[in-house]
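Student: My questions will all concern the structure given below.
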Amino acid sequence: MTNASPTPFSLTVLQTKGAIRIERKCGATLTIGSASTCDVVLADPDVAAHHATIKWNDGRYVLVREENPLLVNGLRTRVHSLAPHDLIVIGKNALAFQAETTNPSPRLTEPLDRLRTFMLAILGGDTAEALSKRLLEDALALTSAQRGTLVGFEQDGQPYCLFSCAVDVADDEALYSRTLIERCRTTLQAVVVYPHEAHSTAGAPSLAGIGARAAIPITDGTRLWGVLYLAAKTERALDSGAIELMSLYATQAVSFLRAEKRAEGLEAKLCDLGQSEDDTSSLIGASPPILALRKSVRRLAPSDVSILIRGETGTGKELVARELHRQSPRSEGPFVAVNCGAIASELFASELFGHVKGAFTQAARNRQGYIMAADGGTLFFDEIGDMPIPQQVALLRVLQERIVVPVGAETGAPVNVRILAASNLDFEEGVRTGRFRQDLYFRLAGVTLELPPLRSRGGDVLLLAHRFLDAATRAEKKVGLSFSEGALSAMTRAAWAGNVRQLEAVVHRAVLLAEDKVITQVDLGLDDGHAPDGPVVQPLIVARDVYLKRYVQDAVARFDGNRTAAADALLVSVRTVFKYLEEV
């Protein structure tokens with residue numbers, strides 16, 4: 001039966017130049033377009049004269065596209081039954097639909113300028129990282145929540161942190177509650193838990209205590225693409241108005257999270273072929289251990305959680321730390337590396353915390369320590385197991401209070417820094433013997449990353465060897481060097497006790513000492529008297545690069561050395577041709 005009495009509704013219109021207006025309507029039909037005869041006029045060249053119509057049909061309002069495309073909640077549609085908080089995008093305009101009968105919270109109208117900026121950022125093609133950061137910053141600002149986390153899902157359904165930001169929360173506070181995330185995934189509805197609801201927090205320690213928690217689904221109606229998780233100290237911060245507003249944001253997050261998922265799938269396929277979509281990553285390799293490590297780095301980089309990096313000497317612990325910093329929201333800030341094994345014990349306090357003039361005999365002026373030097377960025381402690389116990393106590397206090405007191409000073413200064421640490425120390429043994437404080441170990445090891453030794457990385461040995469060969473030949477101004485079959489076979493058999501660092505040193509030395517264009521196992525210092533059984537099977541990316549180098553070189557030769565003509569024929573840029581010729 002058709003309802004003959006249309007109910008009032010409002011359209012909050014966000015326009016390109018920042019104008020905001022609210023159209024309150026109540027009628028059987030409402031037209032939207034650029035023509036002056038329309039009920040809602042949008043002055044935008046991308047808007048058709050009669051772009052869309054909202055009609056009252058069978059007890060609800062239905063949006064019908066008349067001409068050019070439009071989006072509802074991030075998805076293209078022709079006919080859509082409107083629900084409260086649906087966001088309609090037409091051209092460079094957004095229209096938020098709200099049924100007047102629901103008595104919306106005033107909070108829904110206050111942040112429209114933020115919502116407009118967020119929507120235009122999506123339409124402008126901002127990166128998923130930038131959009132996620134903007135979404136979480138808006139969420140914390142508009143709801144007064146203390147932590148916001150975008151949660152994604154692995155192929156096996158396990159949740160993981162895509163991005164996270166926090167204000168005034170402890171480092172060890174959980175990024176999200178798995179219990180709440182599971183409820184949200186099961187129901188595809190927003191789930192909110194307040195501490196007084198004992199039945200909701202039973203069996204879920206992460207939901208207990210003071211404050212409120214909310215999990216808001218990011219869904220296209222059928223598939224869950226992620227969850228917006230919010231944690232607040234007060235129940236009022238996550239009231240019904242706040243949840244409605246964040247649900248509106250979540251509808252827009254579908255588009256870029258879906259694109260991010262497609263990009264992850266593409267990267268996985270590329271990795272299967274022995275290459276990576278992210279050519280800027282310093283973590284080189286295509287073996288399962290290194291792919292798992294890169295995935296962990298990508299997941300952990302957006303968070304501020306402390307990370308302990310463990311592995312044998314030469315596995316690249318500082319390299320991983322720098323990659324975590326590069327991919328983090330702190331990438332524009334400083335990265336400060338401290339080698340704890342290279343600082344004299346009597347200088348530790350001054351080096352870490354700084355000192356004021358006159359604090360001791362040699363203190364002729366004020367000095368900023370490593371910790372304050374890393375303010376706004378990342379502080380990396382290498383070989384932290386060598387830090388003296390007194391400085392471990394002082395560092396623990398800094399991590400807890402986020403205040404640095406220089407040596408000789410009476411007051412301290414606040415510091416905002418992310419802590420990464422690395423060591424090959426057996427911390428469990430170090431704690432048992434009193435060499436390392438247990439409370440500091442727990443504080444540092446918010447997450448532990450175990451780096452794989454080179455001997456467990458299969459074909460990565462040859463992939464890295466060729467990368468090091470290219471770098472060394474450029475540095476030493478030698479061209480045309482390659483590995484013999486015996487050298488390749490010897491490198492695959494070697495134990496590499498010094499891991500990647502040893503491999504790099506061995507290859508560089510061979511480039512310096514090699515008398516011929518072909519580097520042998522003798523040049524590498526790996527001659528064990530074992531002759532190769534046959535041609536060594538190299539990683540696909542290595543074979544591909546070798547072929548491309550030869551092909552580009554032959555193409556340039558066909559054009560008598562004219563690289564521009566060769567680039568035109570190859571349908572690539574001259575820069576690409578130069579790249580391959582430099583590596584030949």
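Student: Run residue 347 past the list (1) at pLDDT 85 or above; (2) within 30 Å of residue 406 (Cα to Cα) and report the number of the one that doesn't hold.
Tutor: With respect to (1) at pLDDT 85 or above; (2) within 30 Å of residue 406 (Cα to Cα), residue 347 is out only on (1).
Student: Also, quick follow-up: What are the residues in the stretch 339-387 that are open to solvent by 70 Å² or more (accessible area, probe 1.4 Å) and part of a strand (DSSP E or B), if any?
Tutor: Matches in the stretch 339-387: 339, 367.
Student: Follow-up. Only one residue in 474, 435, 455 is within 30 Å of residue 388 (Cα to Cα) and more than 27 Å from the chain's Cα centre (by Cα). Which one?
Tutor: 435
Student: A further question follows. Scan the stretch 388-397 for residues that are open to solvent by 10 Å² or more (accessible area, probe 1.4 Å) and part of a helix (DSSP H, G or I) and jot them down.
Tutor: Taking the stretch 388-397 as the starting set, the residues that turn out to be open to solvent by 10 Å² or more (accessible area, probe 1.4 Å) are 388-391, 393-394, 396-397.
389, 390, 391, 393, 394, 396, 397, listed by residue number.
Student: Any chance you could count how many residues in the stretch 228-247 are under 24 Å from residue 71 (Cβ atoms), surrounded by fewer than 22 Cβ atoms within 10 Å (Cβ to Cβ) and not small (Gly, Ala, Ser)? Please lay out each step first, then the result.
Tutor: Here is the first cut: in the stretch 228-247, the ones under 24 Å from residue 71 (Cβ atoms) are 228, 243-247.
Still in the list and also surrounded by fewer than 22 Cβ atoms within 10 Å (Cβ to Cβ): 243-244, 247.
Subsequent filtering for residues that are not small (Gly, Ala, Ser) retains 243-244.
Final tally of qualifying residues: 2.
Student: Is one or more of the residues making up the stretch 265-279 open to solvent by 50 Å² or more (accessible area, probe 1.4 Å), farther than 30 Å from residue 216 by Cα and at pLDDT 85 or above?
Tutor: Within the stretch 265-279, not a single residue is open to solvent by 50 Å² or more (accessible area, probe 1.4 Å), farther than 30 Å from residue 216 by Cα and at pLDDT 85 or above.
Student: Surrounded by fewer than 18 Cβ atoms within 10 Å (Cβ to Cβ), modelled with pLDDT under 85 and outside any helix (DSSP H, G or I): is that true of residue 543 in this structure? Spell out how you get there, then give the answer.
Tutor: On the way: surrounded by fewer than 18 Cβ atoms within 10 Å (Cβ to Cβ): yes; modelled with pLDDT under 85: yes; outside any helix (DSSP H, G or I): no.
No.
Student: Just checking, does the stretch 448-456 include any residue being under 22 Å from residue 374 (Cα atoms) and open to solvent by 20 Å² or more (accessible area, probe 1.4 Å)?
Tutor: Looking through the stretch 448-456, at least one residue is under 22 Å from residue 374 (Cα atoms) and open to solvent by 20 Å² or more (accessible area, probe 1.4 Å).
Student: Could you tell me which residue of the stretch 293-304 is farthest from residue 454 (Cα to Cα), considering only residues that are buried (at least 18 other Cβ atoms within 10 Å of the Cβ) and of a type outside the set (S, T, N, Q)? Spell out how you get there, then give the answer.
Tutor: Of the stretch 293-304, the ones buried (at least 18 other Cβ atoms within 10 Å of the Cβ) are 293-294, 297-298, 300-304.
Subsequent filtering for residues that are of a type outside the set (S, T, N, Q) retains 293-294, 297-298, 300-302, 304.
Working: 293: 13, 294: 15, 297: 18, 298: 21, 300: 23, 301: 23, 302: 27, 304: 29 Å.
Ranking the candidates gives 304 first.
Student: Any residue in the stretch 403-419 that is under 16 Å from residue 349 (Cα atoms) and part of a loop (DSSP other than H, G, I, E, B) sitting within a Cβ distance under 8 Å of a residue that is open to solvent by 40 Å² or more (accessible area, probe 1.4 Å) and among the aromatic types (Phe, Trp, Tyr)? List the pairs, counting only those 6 or more apart or interchain.
Tutor: The qualifying pairs are 408/360.
Table: residues versus (1) touching a Ser or Thr at 6+ places or on another chain (Cβ under 9 Å); (2) polar (S, T, N, Q); (3) closer than 30 Å to residue 292 by Cβ.
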position: 446; (1), (2), (3): yes, no, yes
position: 490; (1), (2), (3): yes, no, yes
position: 493; (1), (2), (3): no, no, yes
position: 504; (1), (2), (3): no, no, yes
position: 507; (1), (2), (3): no, no, yes
position: 521; (1), (2), (3): yes, yes, no
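Student: Among the helices (runs of 4 or more DSSP H) contained in the stretch 437-506, which hold 3 or more residues that are closer than 25 Å to residue 297 by Cα and of a type in the set (A, V, I, L, M, F, W, C)?
Tutor: Numbers: elements: 438-444, 460-475, 485-493.
The helices (runs of 4 or more DSSP H) meeting that bar are 438-444, 460-475.
Student: Further, regarding this structure: Looking at 139, 121, 145, 128, can you tell me which residue is within 30 Å of residue 444 (Cβ to Cβ) and either basic (Lys, Arg) or at pLDDT below 80 (or both)? Outline the logic, then answer.
Tutor: Working: 139 fails: either basic (Lys, Arg) or at pLDDT below 80 (or both); 121 fails: within 30 Å of residue 444 (Cβ to Cβ); 145 fails: either basic (Lys, Arg) or at pLDDT below 80 (or both).
That would be 128, the only listed residue that is within 30 Å of residue 444 (Cβ to Cβ) and either basic (Lys, Arg) or at pLDDT below 80 (or both).
Student: With the checklist (1) assigned to a helix (DSSP H, G or I); (2) open to solvent by 90 Å² or more (accessible area, probe 1.4 Å) in hand, flag the one item residue 560 doesn't pass.
Tutor: Here residue 560 clears every test but (1).
Student: Among the residues that make up the stretch 192-203, is at least one of them among the hydrophobic types (A, V, I, L, M, F, W, C) and at pLDDT below 80? Even if it seems obvious, please write down each step before you answer.
Tutor: Filtering the stretch 192-203 down to residues among the hydrophobic types (A, V, I, L, M, F, W, C) leaves 192-193, 198, 202.
Keeping just the survivors that are at pLDDT below 80 gives 198, 202.
Yes, the stretch 192-203 has at least one match.
Student: Just checking, which of 426, 439, 460, 516 is surrounded by fewer than 20 Cβ atoms within 10 Å (Cβ to Cβ) and touching a residue at least 40 places away in the same chain (Cβ under 8 Å)? Walk me through it before giving the result.
Tutor: Numbers: 426 fails: touching a residue at least 40 places away in the same chain (Cβ under 8 Å); 460 fails: surrounded by fewer than 20 Cβ atoms within 10 Å (Cβ to Cβ); 516 fails: touching a residue at least 40 places away in the same chain (Cβ under 8 Å).
439 is the lone residue from the list that is surrounded by fewer than 20 Cβ atoms within 10 Å (Cβ to Cβ) and touching a residue at least 40 places away in the same chain (Cβ under 8 Å).
Student: Now, a different point. Pairs needed: first member in the stretch 318-338, within 18 Å of residue 164 (Cα to Cα) and modelled with pLDDT under 90; second member anywhere, open to solvent by 30 Å² or more (accessible area, probe 1.4 Å) and assigned to a strand (DSSP E or B); C-beta distance under 8 Å; at least 6 residues apart or different chains.
Tutor: 329/165
Student: Here's a follow-up. Would a scan of the stretch 224-234 turn up a residue that is at pLDDT below 80, closer than 21 Å to residue 118 by Cα, of a type outside the set (Val, Ile, Thr) and in contact with a helix residue (DSSP H, G or I) (Cβ under 9 Å, 6 or more places away or on another chain)?
Tutor: Applying the first criterion (at pLDDT below 80) to the stretch 224-234 yields none.
Looking through the stretch 224-234, none of the residues is at pLDDT below 80, closer than 21 Å to residue 118 by Cα, of a type outside the set (Val, Ile, Thr) and in contact with a helix residue (DSSP H, G or I) (Cβ under 9 Å, 6 or more places away or on another chain).
Student: Further, regarding this structure: Would you pick out the residues in the stretch 131-153 that are among the small types (Gly, Ala, Ser) and either touching a Cys at 6+ places or on another chain (Cβ under 7 Å) or crowded, with 19+ Cβ neighbours inside 10 Å (or both)? Outline the logic, then answer.
Tutor: Kept after step one, since they are among the small types (Gly, Ala, Ser), are these residues of the stretch 131-153: 132, 139, 141, 144-145, 148, 152.
Of everything in the stretch 131-153, those that are among the small types (Gly, Ala, Ser) and either touching a Cys at 6+ places or on another chain (Cβ under 7 Å) or crowded, with 19+ Cβ neighbours inside 10 Å (or both) turn out to be 132, 139, 145, 148, 152.
Student: Please list, ordered by residue number, the strands (runs of 3 or more DSSP E) wholly in the stretch 14-108 having 1 or more residues that are of a type in the set (S, T, N, Q) and either modelled with pLDDT of 85 or more or within 40 Å of the chain's Cα centre (by Cα) (or both). Full working, then the answer.
Tutor: On the way: elements: 20-25, 29-33, 52-57, 60-65, 79-81, 87-90, 93-99.
It comes to 29-33, 52-57, 79-81, 93-99.
Student: Also: Which condition does residue 468 not pass, out of (1) open to solvent by 50 Å² or more (accessible area, probe 1.4 Å); (2) in contact with a helix residue (DSSP H, G or I) (Cβ under 9 Å, 6 or more places away or on another chain); (3) aromatic (Phe, Trp, Tyr), if it passes all the others?
Tutor: So the condition that residue 468 fails would be (1).
The values are calculated or read from the model by the stated rules, or taken from the named source; none is laboratory data. For clarity, every value in this text was computed on a predicted model and none was experimentally measured. Note that we place each Cβ from the backbone using ideal geometry, even for glycine, and neighbour counts take in every protein chain shown. Surface areas here come from the heavy atoms of the whole protein model, side chains and all, with no ligands, DNA or RNA. Shrake-Rupley method; radii C 1.70, N 1.55, O 1.52, S 1.80 Å.
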